[in-house]
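Here is the structure we will look at, set down as structure tokens.
Each value in this text was obtained by applying a stated rule to the coordinates, not by laboratory testing. What you see is a predicted model, and the numbers here were worked out from it, not measured in a lab. Cβ placement follows ideal geometry from the backbone for every residue including glycine, while neighbour counts extend to all protein chains displayed.
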Amino acid sequence: MSDSRSAPLDGVKVLEIGGMGPGPYAGMTLAGMGADVIRIERPGGLGVFPGEPTRDLLNRGKRSVCLDLTHDSAVEAVLKMVERADILIEGHRPGVAERLGIGPQQCQQRNPALVYGRMTGWGQDGPLARVAGHDIGYIALTGALHAIGDAGGPPQIPVNLVGDFGGGGAYLVMGVLAALWDAARTGRGRVVDAAIVDGAAHLLTGTHAMLNAGAWRDERGVNMLDGGAPYYAIYRTGDDRHMAVGAIEAKFYALLLSGLGLTDVAVGQQNDRATWPATRARIAAAFATRTQREWTEIFGTSDACVSPVLSMQEAKDHPHIAARGTLTAGNGVLQAAPAPRFDGLTVPPQSSPPQPGQHTAAVLSEWGIDPAPLLADGAASAAQ
């Protein structure tokens, strides 16, 4: 019997006040779960790729409306849309949305059940709340950046995954969905204060647990999960590529040593730190004798927990990634499929990122707002 259930967020209406990074990521994620996400942009749009908005994948699956919020009529249009929305997300510095006339109190006066999601780096209060910042600075203050890198070397930047998207956008999604559930029960919306510093620190909970237990030293590259242990590390292959090793459990470590031909290395000394330098040297020398492709074939589907380190372009061709359709080339653009997945639901490919204002007239009309006067006086604009 086929499952005809709709997407989990089918019917949920989301207004995303145009911004960059984690806010759009949250909107994209909600769209991937079936929400109708309307991105309200300033004239000309604001994207990660100026001049190439249709390649800004953070805006896929959304519709775009351009409104100039310096016009009172544009602000009123947003507030009218708020009356029919379930969630609004914005990423301005604290106080900016209020000055624009679309702050939480102003919006929830129109719609008491509205969930109002606020995405910032520092949060809505605290000494740095109104100070500019970016991912690298946020994770620097949490301890996350300090923990990443080789022993004796400088901290290494984990792209902007830990801050912007992990500690930021993902936590905003969790927050607004929790508040949406609460609003369904109580009829009252909540304001969600999603701060990257809070989320990034929260992601370190497991590391804090090990630190508190004395199982983690507050140093780089000397611990079990930061490259300090020879069984959880990156090794160079004979063709100057790399293999990732994560053989934490003793039975998996034994398979690693067997696959490398290191039968004389004692499995029982796996966690003896005194042996780590010599063991690392033996493992490194072994990996250097073959190419990445050869090691990938040797370890294959073994439980040794050894994987090739692939580039983003290479990743799409890995058999597992390809079999699951984890990465696609929809519309000729490499991108990840929506995640997570839900049983009984095949998510269709997400629509391409829109041109700023591509849906201005259609969306305003659909939401009960006459677009003509707004377009006439420049309060709204449409893609040409």
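To the nearest 10 degrees, how steep is helix 72-82 against the longest Cα principal axis of the chain, on a 0 to 90 scale?
For 72-82 against the chain, the angle is about 60 degrees.
Multiplying the sequence separation of Thr289 and Met174 by 0.36 nm and subtracting their Cα-Cα distance, what value in nm do you get?
Stretched fully, the Thr289-Met174 segment lengthens by 36.8 nm.
Could you give the radius of gyration (one decimal) and Dmax (whole number) of the Cα atoms in the range 232-324, in Å?
Computed over the Cα atoms of the range 232-324, radius of gyration and Dmax are 13.5, 42 Å.
Could you check what % of the DSSP bridge pairs in the chain are antiparallel, to the nearest 5?
35 percent
Rounded to the nearest 0.05, what FRET efficiency do Arg99 and Gln269 give with R0 = 56 Å and r taken as the Cβ-Cβ distance? Could you check?
It comes out at approximately 0.35.
Which of the aspartates and glutamates could a cross-linker bridge to Lys13, judged by Cα under 13 Å and excluding same-chain residues fewer than eight apart?
Asp36, Glu83, Asp86, Glu366
So what is the diffusion coefficient of the chain in µm² per second by Stokes-Einstein at 20 °C and 1.002 mPa s, using a Kirkwood Rh over Cα pairs?
Values: Rh = 23.5 Å.
For the chosen part, D equals 91 µm²/s.
If r is the Cβ-Cβ distance from Glu76 to Ala151 and R0 is 56 Å, what FRET efficiency results, to the nearest 0.05?
0.45
Along Cα→Cβ, 7 Å out, is where each label goes; now give me the distance between the ones at Trp181 and Leu334 in nm to one decimal.
3.6 nm
Considering the chain as a Gaussian network with a 10 Å cut-off on Cα pairs, which listed residue, Gly300, Gly133, Gly103, attains the greatest mean-square fluctuation?
Of Gly300, Gly133, Gly103, the Gaussian network model singles out Gly300 as fluctuating most.
Only loop residues by DSSP count here, and only those with at most 14 other Cβ atoms within 10 Å; note down the trypsin sites (Lys or Arg not before Pro) in the range 243-347 that meet that.
Sparse-neighbourhood loop trypsin sites (Lys or Arg not before Pro): Arg341.
What residues have an amide H closer than 5 Å to that of His242, excluding those fewer than 5 places away on the same chain, when H is modeled at 1.01 Å from N in the peptide plane?
Thr237, Val309
Only Cα pairs within less than 10 Å get springs; with that Gaussian network setup on the chain, which residue of His71, His92, His318 has the largest fluctuation?
His318
Compute the Cα gyration tensor for the range 54-160, then decide on rounded, prolate or oblate, letting a ≥ b ≥ c be the square roots of its eigenvalues: rounded whenever a/c is under 1.5, prolate when a/b is larger than b/c in the other cases, and oblate in all that remain.
The shape class here is prolate.
Considering Cα pairs under 8 angstrom that are at least six residues apart, work out the relative contact order of the range 232-324 and quote it in whole percent.
For the range 232-324, the relative contact order is 38 percent.
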